[in-house]
Amino acid sequence: MHSRRFILTALLCLMGLGTLASAQTTFVYTANTLAGGGISIYKLNTTTGALSPSGAQFQNDSPAYLASTASGKFLVVSGGQCPGCGLETFAINPTTGALTLANSYEQIGTVTFLVGQVENDAAGTTIYTQGTIQGAGIAPGVLDALHVNADGSLTQIGTPFSLGSNVGNGEGPIAVDPKGRWVFTIAPNDNTQEELLFPVIRNADGSLGAQAATPVNLTAQKCNSNIVESHIAIDPQGKNLFISCNASGIATFNGIQVYGINQTTGALSRIDSFTTAHSFEALSSDRQGWRVFAATEESNLVEPFDFNRNVDQISLLNGGILYHTGSQPNGVAIDPSNKFFYVTNGSFCFPKQLANGNCTNTSSSNISGYSFNYTQGTLTALPGSPFASGPGTRSMIFVQVP
């Protein structure tokens with residue numbers, strides 16, 4: 001009798017744990033940068049991959065890039081019309097995913113924030129973004145570390161890392177080592193017209209230390225990267241960085257370059273590259289590190305690549321199969337289960353560029369969704385795809401709420 005009671009109790013406990021596990025909700029957010037946009041909010045169906053709108057789109061002034069914090073409590077947003085642009089934090093409703101403004105910042109300490117990319121560390125307690133130092137004549141660029149407090153406010157940790165005189169525009173892409181050892185960022189040198197890839201030491205408290213090693217001169221590597229959108233991807237083991245390169249001027253390489261990360265020093269060295277016929281802008285590694293996904297705005301295509309982690313080589317997957325997206329894809333994202341793959345189709349335009357006639361937006365303003373067969377390496381369009389979004393949609397992120 002006692003053994004039966006024990007078994008019954010154990011089964012009830014397991015059922016309870018299963019209920020708790022299934023109660024976790026995954027919300028999906030995209031920043032819709034152009035006029036009439038805002039932040040789109042979806043619930044992810046973790047079985048089918050479908051994106052279902054969760055309430056009305058949150059109206060916000062030209063959001064650009066998104067990051068999330070620990071336990072899915074806050075969403076961090078960069079964007080706005082400059083002057084007046086900067087960072088905002090929003091509390092996330094754990095039931096609906098709805099957003100409530102918590103804090104906004106144009107400046108913290110001496111660092112002024114623009115419409116830069118934002119990245120969180122693995123724990124979700126620290127946010128990294130580029131900015132500029134004001135009051136110093138020419139505004140030098142910096143990489144800043146910001147702690148996320150319990151109320152969603154942001155506090156500067158340590159001293160911002162200086163990118164150097166006339167280096168950095170406050171908008172460059174960032175990749176954070178999954179193991180928390182380094183932060184990587186790309187910044188242009190206005191004097192030499194070169195692009196530099198910086199490895200920066202990350203301290204235990206999330207603050208930034210010294211430069212880990214000499215920056216990689218991407219221009220000398222014949223690589224012209226697109227700093228508008230996320231084009232720097234890091235594998236989940238923290239061993240390799242992937243950079244997309246578009247041939248332009250003296251930068252004659254068109255394709256994807258792979259940089260190995262020295263596991264002791266953080267120094268970067270180019271270990272492989274793959275020349276492509278298409279110019280890929282947006283990159284993402286899958287959550288196991290064996291695949292790299294790349295999208296091309298010019299051709300409205302996405303392609304999965306194979307990355308052999310054993311020998312650090314990137315190559316075509318299945319001989320190079322291209323999949324159609326919506327118009328002007330600008331970002332790629334993998335869901336937390338590594339089963340579904342999404343492409344945001346929102347162009348690279350910002351409101352000011354459109355107003356000045358420096359950019360043409362013909363994007364479809366939606367999201368292409370695919371199921372990913374890991375064994376066969378193939379993508380299949382999801383039922384209901386493409387999913388409606390907003391004008392200039394980009395920076396898709398997944399936020400898991402307990």
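Taking Cα atoms only, the orientation of helix 2-22 departs from the longest principal axis of the chain by about 30 degrees. With each label modelled as a point 7 angstrom along the Cα→C-beta vector, the Gln134-Asp61 pair spans 1.4 nm.
Note on the chain: helix-only mean residue ellipticity at 222 nm, from DSSP H runs of 4+ residues weighted -39500 (n - 2.57) and normalised by residue number, equals -2000 deg cm²/dmol. Separation of segment 297-336 from segment 224-294 is 12 Å, based on Cα centroids. Between rounded, prolate and oblate, where does segment 238-349 land on the alpha carbon gyration tensor, with a ≥ b ≥ c its root eigenvalues, rounded for a/c under 1.5, else prolate if a/b exceeds b/c? Oblate shape, in that a/c is at least 1.5 and b/c is the bigger or equal ratio. Just to be sure I understand, if you calculate log10 I(q)/I(0) by the Debye sum over Cα atoms at q = 0.06, 0.08, 0.13 Å⁻¹ for this structure, which of (1) -0.46, -0.65, -1.08; (2) -0.23, -0.43, -1.22; (3) -0.23, -0.40, -1.09 do you get? Answer label, from the structure shown: (3).
Springs between alpha-carbon atoms under 10 Å, Gaussian network over the chain: tell me which of Gly79, Gly124, Gly36 tops the mean-square fluctuations. The residue with the greatest mean-square fluctuation here is Gly36. For the chain, the residue among Pro351, Ser225, Thr380 whose Cα projects farthest onto the positive side of the dipole built from Cβ charges is Thr380. Using a simple spin-label model with pseudo-atoms 7 Å out from Cα toward Cβ, Gln24 and Thr264 lie 3.7 nm apart. Among the listed pairs Lys73/Lys339; Lys239/Lys352; Lys43/Lys222; Lys73/Lys239, those whose Cα-Cα separation exceeds 32 Å are Lys239/Lys352; Lys43/Lys222.
Bear in mind these aren't lab numbers, they're just calculated from the coordinates by the rules spelled out. What you see is a predicted model; the values in this text were computed from it and never measured. FYI the Cβ positions are ideal-geometry reconstructions off the backbone, even for glycines, and counts take in every protein chain you see.
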